[in-house]
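These notes are about the structure you will find just below.
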Amino acid sequence: MENQEGKANLESAIEQLQNVEKQMRLASDVAGTKKAVTDILQLCFEAKDWKMLNDQIVLLSKKRGQLKQAVTVMVQQAMQYIDETPDLETRIELIKTLNTVSAGKIYVEIERARLIKKLAKIKEEQGLIAEAADLMQEVAVETFGAMAKTEKIAFILEQVRLCLDRQDYVRAQILSRKISPRVFDADTSKEKKKPKEGDNVVEEAPADIPSLLELKRIYYELMIRYYSHNNDYLEICRCYKAIYEIPSVKENPAQWIPVLRKICWYLVLSPHDPMQSSLLNSTLEDKHLSEIPKFKVLLKQLVTMEVIQWTSLWNTYNDEFDTEKDLLGGSLGDKAAEDLKQRIIEHNILVVSKYYSRITVRRLAELLCLSIQEAEKHLSDMVVSKALVAKIDRPMGIVCFQVAKDCNDILNSWSMNLEKLLDLVEKSCHQIHKETMVGLLELSLCGLLKKNSIQIFAGYVDERHAFAQKLFPSLTEIVNSDMLPRTESRLLYTSGTYRTTD
């Protein structure tokens, strides 16, 4: 009886407040409408009538001409009651009701995102990771202008984490690209500018949202999980490098020592390329590396162009390799030991290519401590990956190493060769033209001779006879040829003497 009377009293009180709410709504009184709506919800909450609360939320939101401010206040107040629900079923029902009311309403999009996040957390606790991930992916928080930046990043990181938990690596990569790493480098100490009139007012992030530096660490830890799936050691190293640069990590040796160890290991495991070489040299310059001398020696071995003996290296660092399982980030991966041996072999081949231009395959296999077939396989893989340039003469059993040239070097060599060729052609043309002009001059002088100057010219012809014979078989051809102009007398060469004829 008491329950029935209490319910009747509740219904009558709600009915009175609904009349007040109608009057205020029709009069467009924002403050009065908000007060009436919140009073109705408060009555339902105090009576612990959760079914009535859900019904009133739906009913009030569907009123004709309902004010946006009233709906916003109603959703915000009802969200405070979620943690006060008596059981999980009631909590889920209330969240779903609020989610239905806020769907499609841009003025409560932030509240809807927070509701979905709570519902996804419940689903995850129940073991329904796929459903939780699907729920989170429904919301595109990057388009919310009024949401705080840290809350946006935290929401997207939660989406990425759930995708990684369900092993959906493609979608995890797509979602992670919504966050630019540069956003973590923003200076938070600067004073925030006051919003101008007409700008969206950015809400403050809830208290449970981590700071920007904490979000940076979470982001790179998730990216390490993603890159570990593909065994992309260089990107994993870059992620640990970013974590290492966080001030809170650098100040605590208990945190930066495991991170620096991981950086060293993944640098060794990364294939040789310019980025890996740059990171390797920058890590060697780090002062903190002296705290872990074994890893400093390991990195120096990779920088030094000397052949590394795999057996002695593995015996030295086997214990350190197994220790990584108990440190930050866990083990280095299932294939890490095989890849480490592969990197040492690649390093040794690069060292050999620096000191030898030609080497026998047998000798190469001895230096690498491998069989001839294995040495050929590793060398071929490096040539295919363009790590070096080499040719194998299998019948002779000789490997020829060459210096790798990029497209610019090849074009420059072609240009130099063309310039040399054009210079030779130009010099040849100049010499031919010069000889032609000298010959024509000699011939012209012969045609201009007079009878009274034959003795003087005879001496000159004797001196130039050798030159004339190079141009023509005999001087008779010159005189009788049509190349000479018509003159009163011609010079003939017979029996070793010169004479003139009319």
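Rule-based calculations on the coordinates, nothing more; no lab input. Since the model is a prediction, treat every value here as computed from it, not as a measurement. For neighbour counting, all protein chains shown are included, and Cβ atoms are generated from backbone atoms with ideal geometry for every residue, glycine included.
On average, how much area does the Cα convex hull of the range 71-180 cover when viewed from any direction, in nm²?
6.9 nm²
Which cross-chain or sequence-distant (5 or more) residues have an amide H under 5 Å from the amide H of I398, H modelled 1.01 Å from N in plane?
V361, D393
R0 = 25 Å: FRET efficiency of D83 with E251, Cβ-based, nearest 0.05?
For D83 and E251, the calculated efficiency is 0.10.
Taking only the alpha-carbon positions of the range 228-294 and ignoring solvent, what does the Debye formula give for the base-10 log of I(q)/I(0) at q = 0.15, 0.23, 0.26 Å⁻¹?
Normalising to I(0) and taking log10 leaves -0.44, -1.01, -1.22.
Which of the residue pairs K121/K335; K62/K123; K216/K325; K63/K96; K62/K96 have a Cα-Cα distance greater than 22 Å in the structure shown?
In this structure, K121/K335; K62/K123; K216/K325 exceed 22 Å between Cα atoms.
If the chain between E366 and E203 were fully stretched, how many nm would it gain, using 0.36 nm times the residue separation less the Cα-Cα distance?
Difference between extended and current length: 51.9 nm.
Mind checking the log10 I(q)/I(0) for the range 235-355 at q = 0.15, 0.22 Å⁻¹? Debye, one equal scatterer per Cα, no solvent, two decimals.
Normalising to I(0) and taking log10 leaves -0.67, -1.47.
What value in Å³ per residue do you get for the convex hull of the alpha-carbon atoms in the range 357-410?
Taking only Cα atoms, the range 357-410 has a hull volume of 81 Å³ per residue.
No solvent, one uniform scatterer per C-alpha: report log10 I(q)/I(0) for the range 1-102 via the Debye equation at q = 0.18 1/Å, two decimals.
Rounded to two decimals, the profile gives -0.82.
What does the charge count near S248 come to, summing +1 for each Lys or Arg and -1 for each Asp or Glu among other residues with Cβ under 9 Å from its Cβ?
So the surrounding residues net to 0.
To the nearest 20 debye, what charge dipole does the range 31-114 have about its Cα centre, counting +1 at the Cβ of each Lys and Arg and -1 at the Cβ of each Asp and Glu?
That gives a dipole near 540 debye.
What is the percent of Cα-Cα separations in the range 332-375 that go past 17 Å?
Of all Cα-Cα pairs in the range 332-375, 35 percent lie more than 17 Å apart.
Under 5 Å between amide H atoms, partner at least 5 residues away or on a different chain: which partners does V389 have, H built in plane at 1.01 Å?
Under 5 Å from the amide H of V389: Q402, A404.
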